[in-house]
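The values are calculated or read from the model by the stated rules, or taken from the named source; none is laboratory data. For clarity, every value in this text was computed on a predicted model and none was experimentally measured. Quick reminder, even Gly has a Cβ in these numbers, built from the backbone with ideal geometry, and neighbours come from all protein chains shown. With ligands, DNA and RNA removed, areas are computed over all heavy atoms of the protein, side chains included. Shrake-Rupley method; radii C 1.70, N 1.55, O 1.52, S 1.80 Å.
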Amino acid sequence: MELKFRRNADYQSLRDEMTPEGTFMNRRSVLTAAGFLGAGSILGALPACSEPQQTPAAPKTAAGHAAPGAALTAKKSAFAVSDTSTVEEAFNGYCNFYEFGTSKDDPPRYASRMTTSPWQVTVEGETDAPGAYALKDLIDYSKLEERVYRHRCVEAWSMVIPWVGVPMKDVIAKLKPKATAKFVQFETYLNAKEMFGVNRPVLQWPYVEALRLDEAMNELPLFAVGAYGKALQKQNGAPLRTVIPWKYGFKATKSVVKIRFTATQPGTAWNKAAASEYGFYSNVNPNVSHPRWSQASERVIGGKGGFNERRNTDMYNGYEKQVGALYAGMDLKKNY
Ligand code: MTE
């Protein structure tokens, strides 16, 4: 039976199903244990009201980039898995964006508060092209491509997403990292008035993530501005997010406002919160379990078998051919 997503109640039931043994709760409990959360601080204090879904926006923002939901023109890329893409409603409705709350349906409800125009990305650190870039100057909207990638969350669920974006390596080349740059860090927009979740110490805000520079220069990572042929919805990281398909989803940074080139390994949000559970690399690896759950298989969100469909997880999420060499000789149990 084909799964149909209709209302938030559908996501609620999925969440309920996942909650008792679910990895989300495990993630939450480790943070509680680590002293990051007060008792009942998250789930007990969610706002009672909700906001309507975003209404269709004008195709272009005043700042000249595509507004959330606007149609995008992109050429189809050969980087496309053959699996059926996840239904769009599931991608838009089942989200992790803790700045807007920790439930999967909080970001779709509350991210409409986020200002995404104008949008500037500050480039700093070990670079010969530092500065504040308007999004339309950073991303060439005439060169967008669609790539259908697997998306695997550390919580052991997965989707298949037709992203629209540009290769990260092309943008980085434009930003002229110095020879001393060995890593690149990405930082998410932070505004406590628009993001109620950041008023709680779930993570150290702003959300930051990073890659080794040679990982970032691989052919796979994208700076995505859209999915399903449209500019990204706010809950999915509008107007600009990273996509690194062989890594667990938390390595992707939503709503990027800063790109920082560094000589040494920078901090990353989940690693700072619980280093023994969320490593810097966080490459998808069915042979290395999370300390509290297996990563050998994954729940297919919106799959043919409803909420219970599972598939085996592939090494590097199926991208071993493209990225295996990046980790040659490394102990993947130590460098998790
Ligand atoms: N980026 C920010 N700023 N905040 C977040 O909470 N969650 C991460 C990642 N990027 C997160 C984030 C996690 S855990 C995942 S799985 C993906 O975003 C989820 O992306 P999606 O909701 O678009 O599927």
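Tabulated values for the structure
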| item | result |
| --- | --- |
| Sequence-distant residues sharing a close amide H with Arg310 (under 5 Å, placed H) | Val300 |
| Neighbourhood net charge (9 Å Cβ-Cβ; Lys/Arg +1, Asp/Glu -1) for Ser282 | +2 |
| Segments 260-268, 280-288 sorted - mean Cβ within 10 Å per residue, highest first | 280-288, 260-268 |
| Per-peptide average of other Cβ atoms within 10 Å, ordering 147-153, 161-167 highest first | 161-167, 147-153 |
| Full-extension gain in nm, Ala173 to Asp137, via 0.36 nm per residue minus C-alpha separation | 11.6 nm |
| FRET efficiency, Glu320 to Ala63 (Cβ-Cβ, R0 51 Å, nearest 0.05) | 0.80 |
| Shape of the stretch 72-140, Cα gyration tensor, a/c cut at 1.5 | oblate |
| Pairwise label distance in nanometres, Arg292 with Thr84, each label 7 Å out on the Cα-Cβ vector | 3.4 nm |
| Too-long pairs where the Cα-Cα distance tops 29 Å, listed order kept, from Lys104/Lys321; Lys182/Lys333; Lys60/Lys321 | Lys104/Lys321; Lys60/Lys321 |
| Computed lengthening from Arg212 to Ala275, 0.36 nm per intervening residue step minus Cα-Cα distance | 20.9 nm |
| Distance-filtered residues of the stretch 181-220 - backbone nitrogen under 14 Å, label point 7 angstrom along Ala263 Cα→Cβ | 181-183 |
| Cβ-defined net charge surrounding Lys321, 13 Å radius [Lys, Arg +1; Asp, Glu -1] | -3 |
| Prolate/oblate/rounded label for the stretch 79-188 (Cα gyration tensor, a/c 1.5) | prolate |
| Listed pairs Lys230/Lys251; Lys143/Lys169; Lys76/Lys304; Lys75/Lys143; Lys251/Lys272; Lys258/Lys334 exceeding 18 Å between Cα atoms | Lys230/Lys251; Lys76/Lys304; Lys258/Lys334 |
| Relative packing of peptides 103-116, 319-332, 242-255 - highest average C-beta neighbours within 10 Å first | 242-255, 103-116, 319-332 |
| Inter-centroid distance (Cα atoms) of the stretch 257-336 relative to the stretch 57-127, Å | 22 Å |
| All aspartates and glutamates inside 14 Å of Lys254 as judged from Cα atoms, apart from same-chain residues fewer than 8 positions distant | Glu99, Glu187, Glu209 |
| 1.4 Å probe accessible area per residue over the stretch 49-186, in Å² | 41 Å² |
